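Novice: A single structure is presented below for examination.
Please treat every number below as a calculation from the coordinates, not as lab data. Since the structure is predicted, the reported quantities are computational estimates derived from the model, not experimental observations. No Cβ is skipped: glycine too gets one built from the backbone with ideal geometry, and neighbour counts run over all protein chains shown.
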Amino acid sequence: MPAEFVPLDSGSWPLFERLFGPGGVQGGCWCSFFRLTGPEFKAAGREGRKQHTRDEARAGRPLGLLGVVDGEPLGWVAVSPRADNPRLARSPVAASEISGNVWSVTCFYVDRRGRRQGLAAALLGAAVAYAADHDAVAVEGYPVTTEDRSPADLYHGTLGLFTGAGFAVVERRGAARALVRREIAPAR
């Protein structure tokens, strides 16, 4: 599926909003779960989370990429500096010893019209390239290790998706999760 990958910013916000619909996907998350602390997330509510993400997009903060096919937004990957995701610092699944400009892939959303066509893999490849363009030394992910879940439970991505994109398993984290990493060679 040929797609164009568009960073989320104020200009692409209407595409993001169209993809996420009026509810903001996953109970109104608006892809802010990892970018806010637990109390902030709860206090913000659905509209506050949407506003938070919109404000960050307007400010030009790296948030992720939209996968656009024939002008229609069909997919999303959240990829940004690990430091911009405060929940990762407290997560036993995401605990990591690597330092420097490390980026994290925290979430995928693919509309049902784009599923089973390779869009998630293409989004992940674009996310790595986007992080590399921002001088990342590595990109980490926190996928589920089994694919026999509902699509709503696969928002972290699957282990096969990440290993297929050149990520190495750093460590299995419990029965159903893993920490994966892909190091990025410095530009010469």
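Novice: How much net charge surrounds residue 70 when only other residues with a Cβ under 15 Å from its Cβ are counted (Lys, Arg +1; Asp, Glu -1)?
Specialist: Value of the local net charge: -1.
Novice: Would you please calculate the Kirkwood hydrodynamic radius of region 106-172 over all C-alpha pairs and express it in Å, rounded to one decimal?
Specialist: 12.6
Novice: Would you pull out the residues with amide H under 5 Å of residue 157's amide H, same chain only if 5 or more places away, H placed 1.01 Å from N?
Specialist: Sorted by chain and number, the residues that satisfy this are 108, 144.
Novice: Something else: Suppose a student asked you for the relative contact order of the chain, using Cα pairs under 8 Å spaced at least 6 residues apart; what percent would you report?
Specialist: On the way: 335 pairs, mean separation 35.7, N = 188.
Across the chain, relative contact order equals 19 percent.
Novice: Hey, how much of the P(r) for region 81-132 falls beyond 13 Å, as a percent of Cα pairs?
Specialist: 65
Novice: Ok, one more. Rounded to two decimals, what is Rg over Rh for region 1-108 when you use alpha-carbon atoms and the Kirkwood radius?
Specialist: Rg/Rh: 0.97.
Novice: Over all directions, how big on average is the projection of the convex hull of the alpha-carbon atoms in the chain, in square nanometres?
Specialist: Its average projected convex-hull area is 10.4 nm².
Novice: Let me ask another. Translational D (Stokes-Einstein, µm²/s) of region 18-76 at 4 °C and 1.567 mPa s when Rh comes from the Kirkwood sum over C-alpha pairs?
Specialist: Here the translational diffusion coefficient equals 107 µm²/s.
Novice: Do the sum for the chain: with -39,500 (n - 2.57) for every DSSP H run of n ≥ 4, divided by all residues, what is the mean residue ellipticity at 222 nm, to the nearest 500 deg cm²/dmol?
Specialist: Roughly -8500 deg cm²/dmol at 222 nm, from the helical runs in the chain.
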